[in-house]
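The values are calculated or read from the model by the stated rules, or taken from the named source; none is laboratory data. All figures in this text were calculated on a predicted structure; none of them were measured in a lab. Backbone-built Cβ (ideal geometry, glycine too); neighbour counts: all protein chains shown.
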Amino acid sequence: MNLAQYLEKKSTLPTPVSPKRCTKCLRSAKSCFCSAIEPFPTNTDFRILMHPKEAKRQKVGTGRIANLCLENSKIIIGEEFQNNLEVNNLIKTPHFHTLILYPGENSHNITQGPITFDSHKRLLVFIIDGTWPCAKSMMRDSKNLHHLPRISFQTNEISQFKIKHQPAKYCLSTIESIYHLLNGLEKWNFEQLGGKQKILPQALERIVDFQLKCAIDPKLPGYRRGAFSDPSQRKESIKWESRKICFDEKNYLHRIKPS
C-alpha cells in the first residue's frame, strides 16, 4: 500500500486534503516548501518502508520529504512486510540486486568499500522509516527482509533533526541516512550526482527551522512549545542502555512471530 492509498483508506484522517494543505508533502501551506525541491534521478531505486505512524498527515516525517526529493523512490506503508505482495515481488525480481539499509555486524559498510553485484542488475535499496523502536519491530516481524544483504555507512556527524531525540548519537533520521548512503555510493562511482544529493539535508534544515520558529511563536501551530537543546549536548536515552537499538535475528529468535 502506498502513501496515497493509505491516507484514502484511513477514515480517521481527514479526506480530501484541505486546500490549505499541500497534497504532496501533506504539510500546511505555511510550512510547505515543495516548490523549492528539485527531484533528482539516481542509479539506485529506493523503496521507503514506512510505518503507519509516520504516514499521518500531522507527522513531521523525513521519509516523506526524502521521497519527494528522489525521483526513483516510492513509499510502501506497513507495520510489517512479511506478506506484502509488492515487497516480495521486488525481492524476487531478477533484474534487481536488492539490499536493505540497516546496521548490523554483517552489514556492508559502503564508506569503507564498494559493493559487488552483477553489473546487468539495477540496485534496489529498502529503507526502514519509523521511530527506532518501530523500525526495530518492523525488521523483527518482516522475516522476508532478514536475509537480504544489509548495507550501512560510517559518519561522525550527529543528527541535525533537532526536534527529535535520537536514542544514541550515531542514530540519524531517514533523510540523513539516505544522504550518507548516496555519498557512499557516489564514492565508488555507483552514483554520479554532482552534489544534487545535498537537497536532502537542505530539506531537513527547512523542516527543522520552521518547527523551531513554531516553538517560539505562540501564533503558529508548533511541533511543541519551548526551547530545543543542541543534539550534541543531549544525554543518550537511558532506556537503550540495556537493550539493543537495532534488530539482529540471532539476538531475538525467541521474539520472532511465526509465519
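Can you name the residue in the range 193-203 that is within 25 Å of residue 108 (Cβ to Cβ) and in contact with a helix residue (DSSP H, G or I) (Cβ under 7 Å, 6 or more places away or on another chain) and, of all such residues, is surrounded by the most Cβ atoms within 10 Å (Cβ to Cβ)? Looking at residues that are within 25 Å of residue 108 (Cβ to Cβ) and in contact with a helix residue (DSSP H, G or I) (Cβ under 7 Å, 6 or more places away or on another chain), I get 200.
Just so you know, in the range 141-161 the residues that are at pLDDT below 95 and buried (at least 19 other Cβ atoms within 10 Å of the Cβ) include one that is farthest from residue 216 (Cα to Cα), and it is 159. Scanning the range 153-175 for residues that are more than 22 Å from residue 68 (Cα to Cα) and touching a strand residue (DSSP E or B) at 6+ places or on another chain (Cβ under 9 Å) gives 153, 154. The number of residues in the range 116-147 being part of a loop (DSSP other than H, G, I, E, B) and either of a type in the set (Val, Ile, Thr) or in contact with a helix residue (DSSP H, G or I) (Cβ under 7 Å, 6 or more places away or on another chain) (or both) comes to 4.
Could you please find all residues in the range 103-122 being in contact with a strand residue (DSSP E or B) (Cβ under 7 Å, 6 or more places away or on another chain) and β-branched (Val, Ile, Thr)? Correct list: 110, 115.
Determine whether the range 28-39 contains at least one residue that is polar (S, T, N, Q), under 17 Å from the mean Cα position of the chain (by Cα) and closer than 16 Å to residue 200 by Cα. Scanning the range 28-39 turns up no residue that is polar (S, T, N, Q), under 17 Å from the mean Cα position of the chain (by Cα) and closer than 16 Å to residue 200 by Cα.
Okay, residues lined up against (1) charged (D, E, K, R); (2) in contact with a strand residue (DSSP E or B) (Cβ under 8 Å, 6 or more places away or on another chain); (3) closer than 26 Å to residue 244 by Cα:
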{"residue": "81", "(1), (2), (3)": "no, yes, yes"}
{"residue": "101", "(1), (2), (3)": "no, yes, yes"}
{"residue": "147", "(1), (2), (3)": "no, no, yes"}
{"residue": "150", "(1), (2), (3)": "yes, yes, yes"}
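Tell me, yes or no, whether the range 32-43 has at least one residue that is over 17 Å from residue 174 (Cβ atoms) and among the charged types (D, E, K, R). There is at least one residue in the range 32-43 that is over 17 Å from residue 174 (Cβ atoms) and among the charged types (D, E, K, R).
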